[in-house]
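The values are calculated or read from the model by the stated rules, or taken from the named source; none is laboratory data. Remember, predicted model here, so these are calculated numbers, not experimental data. Here the Cβ positions follow ideal geometry from the backbone for every residue, glycine too, while neighbour counts run over all protein chains shown.
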Amino acid sequence: MHNLSVQQLLTHQFSVLNETECSSDIYSWLVDEASMTARLEAYCQKLEVIIVKEGFIPDSELTSEEVSLIVNPAKSERFWLREVQLIADGEPWLAGRTVIPESTLQGPEASLKSLGARPLGHYLFKSSSLDRDFLTPGTLCELWARRSLLRLAGKPLLLTEIFLPASPLYPPLAKGSLPCTPEPH
Ligand code: PHB
């Protein structure tokens, strides 16, 4: 069984990282605009997506940072939440949290609700209407992280990713150790 409580790290405060605060190797991972799934796949035999949580939530269940980045104050709507872990050869390597306003799910984007265990990137990178407002490298609870505001046909979705200690971004000695204990949000 995987320790899914690491998922709570995704709702901690995101600290923006300056390029000078990490090695160029780490930075290259954090600002990689291509498929992260494909990059991680090159380091393991088998990469699986595990759904931790999926479903509609009200804006009251978003973090205040998410609210400021994605909530349109003129609209009161629900959000589709997708929380996953990428498991590489049995080890959790990445935790992801995607917040999608219900209005983004109009038209072909409705299929974002039925991705299941298919990686989000497979859908996004196939889309001819994908744009990125920003990709911000950072840390969450002392782990490498990044946050992207993406647009499909102009409609936003917010993706937060944390690289977990067993992933290839960390030196071998750090593997398996979490720098802080997750607290309930
Ligand atoms: C997802 O399927 O939700 C997903 C996959 C890979 C990521 C982030 C999210 O890097």
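General observations
- Hits in region 111-124 - residues which are in a helix (DSSP H, G or I), out of contact with any helix residue (DSSP H, G or I) (no Cβ under 7 Å at 6 or more places or on another chain), near the ligand (Cβ under 9 Å from one of its atoms) and small (Gly, Ala, Ser): none
- Among the residues of region 97-110, those identified as modelled with pLDDT of 95 or more and either within 13 Å of the ligand (Cβ to nearest atom) or not in a helix (DSSP H, G or I) (or both) are Arg97, Thr98, Val99, Ile100, Pro101.
- If only residues of region 56-90 that are in contact (Cβ under 8 Å) with a residue 40 or more places away in the chain and within 15 Å of the ligand (Cβ to nearest atom) are counted, the one that is farthest from the chain's Cα centre (by Cα) is Ala88.
- The residue of region 140-168 that is surrounded by the fewest Cβ atoms within 10 Å (Cβ to Cβ), among those that are of a type in the set (Lys, Arg) and within 14 Å of Arg97 (Cα to Cα), is Arg147.
- Among residues of region 108-127 that are touching a residue at least 60 places away in the same chain (Cβ under 8 Å), those with a Cβ under 8 angstrom from a residue that is within 8 Å of the ligand (Cβ to nearest atom) and assigned to a helix (DSSP H, G or I), sequence gap 6+ or separate chain, pair up as Pro119/Thr37; Gly121/Met36; Gly121/Thr37; His122/Thr37.
- Meets criteria (within 24 Å of Ser28 (Cβ to Cβ) and either hydroxyl-bearing (Ser, Thr, Tyr) or within 16 Å of the ligand (Cβ to nearest atom) (or both)) for Ser127: no
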